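Quick note: the coordinates plus some simple rules give every number you see, no bench work behind them. Keep in mind it's a predicted model, so treat the numbers as computed, not measured. Don't worry about glycine lacking a Cβ; one is built from the backbone with ideal geometry, like all the others, and counts go over all protein chains shown.
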Amino acid sequence: MTQTIVVKIGTSSLTQPETGQLALSTIATLAETLSDLRRQNYRAILVSSGAVGVGCARLGLTERPKAIALKQAVAAVGQGRLMRVYDDLFTTLQQPIAQVLLTRSDLVQRSRYLNVYNTFRELLELGVIPVVNENDTVAVEELKFGDNDTLSALVASLVEANWLFLLTDVDRLYSADPRSVPDAQPISLVSNINELAKLQVQTGGQGSQWGTGGMVTKISAARIATAAGVRTVITQGRQPRNIEKILQGESFGTHFEAHPEPTSARKRWIAYGLVPLGKLYLDEGAAIAISTSGKSLLAAGILAVEGEFDTQEAVLLCDKNGHEIARGLVNYTSGELQKICGRRSSEIPTILGYVGAETVVHRDNLVLT
Ligand SMILES: Nc1ncnc2c1ncn2[C@@H]1O[C@H](COP(=O)(O)OP(=O)(O)O)[C@@H](O)[C@H]1O
Ligand SMILES: N[C@@H](CCC(=O)OP(=O)(O)O)C(=O)O
């Protein structure tokens, strides 16, 4: 069966760290590798960062801008340059590509989410390699993916890819940042992402000079992708040929095994497509009921409500200390929940003056995260 691979390359691999200029040989090898994989009948999507980094190099800026408007302007300069380079290389290799720029709001509305899915499906059917980036120039802060690790995981989940490759400037995940901890231990295989907490993996700060999220965002991307049944690999960006070798079974990088029972497409959209607008703090009984017995959430188990939201909007379900357990769509507004939290279902009609839904979050709309 045709396999789908999503490859994400970060700014740290696409550009020379000293000058910010494009790392042309890396990009050319990446284009050759992906074109070869297409000829071997793989479907491929490239999620490429670099708009801000390339824009800075073009404009002679020596560090990543912090002010939002400047960053958005610089990304507009860099994205065009980046696509020009990709198109020249892939065209030489007779491989058609497409530019797909997304913002988080494209995935929030279910109809738009399905539309994006249909576009990817058509492009892949046509044998095109979509080159994806966040639409940095128009994205507003509240509706940003923020980093392309997350974006690539959401794309891999959307298209139900078999593999997600996160290409970066280290060869794999280590027990701590190898830049600051020289004896950090390499990690080759993560069978279950929750193991990382037990291994006490340190993910350091915000990444390299030009990178955005460091290892933190790669691990949360691996969590999203593996939950969707996508095997995820963190590996060195400077050797794109390793992607082929990994697909042939060689062991480079850190592999995160796909979850054996992937979450359904609709639940993945609830968990990661939507932006949660509030937080419900649950008592111990409710936390156990939803996480181990697959029950719906009732008002009686809610200790407190945070944020402002309407019915059918997404919220985080947390334990009493605020640690996320699940996400779900609510059947009540935040105002209604403030009045009925902690109360038995039979009391709700009297408190609200009308008969509401039986559950606050029905188990069909609840996803453990
Ligand atoms: N546990 C860890 N294992 C490996 N690298 C780590 C770890 N913690 C932090 N890092 C840092 O993450 C950096 C990669 O992230 P980033 O700069 O955002 O790259 P990219 O541009 O590829 O997204 C590495 O250069 C490394 O210094
Ligand atoms: N969308 C931004 C990249 C954001 C990002 O995640 O960067 P990186 O950490 O280098 O993968 C850009 O094109 O510059």
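Neighbour counts of other Cβ atoms within 10 Å put Y332, Y281 in the fewest-to-most order Y281, Y332. What is the P(r) of region 293-369, as percent of Cα-Cα pairs per 10 Å bin from 0? It works out to 19, 59, 21, 1, in whole percents. The Stokes-Einstein estimate for region 1-76, based on a Kirkwood radius over Cα pairs and taken at 4 °C with 1.567 mPa s viscosity, is a diffusion coefficient of 94 µm²/s. Here M83, M215, M1 are placed in order of increasing Cβ neighbour count within 10 Å, fewest first, which gives M1, M83, M215.
Over 16 Å, how big is the tail of the calculated P(r) for region 66-118, in percent of all Cα pairs? Summing the P(r) of region 66-118 above 16 Å gives 61 percent of all pairs. Take the Cα of D283, go 7 Å toward its beta carbon, and the backbone nitrogen atoms of region 328-345 under 19 Å from that spot belong to 337-345. Judged by the mean number of other Cβ atoms found within 10 Å, the most tightly packed of the peptides 43-51, 241-249, 254-262, 72-80 leads the ranking 43-51, 72-80, 254-262, 241-249. From the square roots a ≥ b ≥ c of the eigenvalues of the alpha-carbon gyration tensor of region 79-218, which class results: rounded (a/c under 1.5), prolate (a/b over b/c), or oblate? Prolate shape, in that a/c is at least 1.5 and a/b is the bigger ratio. Each part gets one Cα centre, and for region 214-244 versus region 62-128 those centres are 19 Å apart.
Dividing the summed helix terms, -39500 (n - 2.57) for each DSSP H run of n ≥ 4, by the number of residues in the chain produces a 222 nm estimate of -10500 deg cm²/dmol to the nearest 500.
Suppose we take every Cα in region 4-267 and form the convex hull; what volume per residue is that in Å³?
Working: hull volume 32.4 nm³, N = 264.
Considering the Cα atoms of region 4-267, their hull volume per residue is 123 Å³.
For Cα pairs less than 8 Å apart in space and 6+ apart in sequence, what is the mean separation divided by the residue count of the chain, i.e. the relative contact order in percent? Before the final figure, lay out each step's value.
On the way: 753 pairs, mean separation 54.0, N = 369.
Contact order relative to length: 15 percent.
Structure shown: which of K66/K198; K198/K218; K267/K320; K8/K144; K8/K245 lie over 26 Å apart, alpha-carbon to alpha-carbon? Present the calculation step by step, with values, prior to reporting the outcome.
On the way: K66/K198 35 Å; K198/K218 18 Å; K267/K320 24 Å; K8/K144 17 Å; K8/K245 17 Å.
With Cα atoms farther than 26 Å apart: K66/K198.
Note on T311 and A197: the extension gain reaches 37.6 nm, defined as 0.36 nm multiplied by sequence separation minus the Cα-Cα distance.
Overall shape of region 194-353 was characterised from the C-alpha gyration tensor. The equivalent ellipsoid obtained from it has semi-axes of 39, 16, 14 Å, in decreasing order. Summarising the strand pairing of the chain, around 40 percent of its internal DSSP beta bridges are antiparallel. Backbone amide hydrogens, once placed in the peptide plane, bring L173 within less than 5 Å of I187, T254, excluding anything fewer than 5 places away on its chain.
Multiplying the residue separation of L61 and K320 by 0.36 nm and subtracting their alpha-carbon distance yields 88.6 nm.
Near L303, the amide H atoms lying under 5 Å from its own belong to Y281, L282, D283; only residues 5 or more places off or on other chains count, and H is placed 1.01 Å from N.
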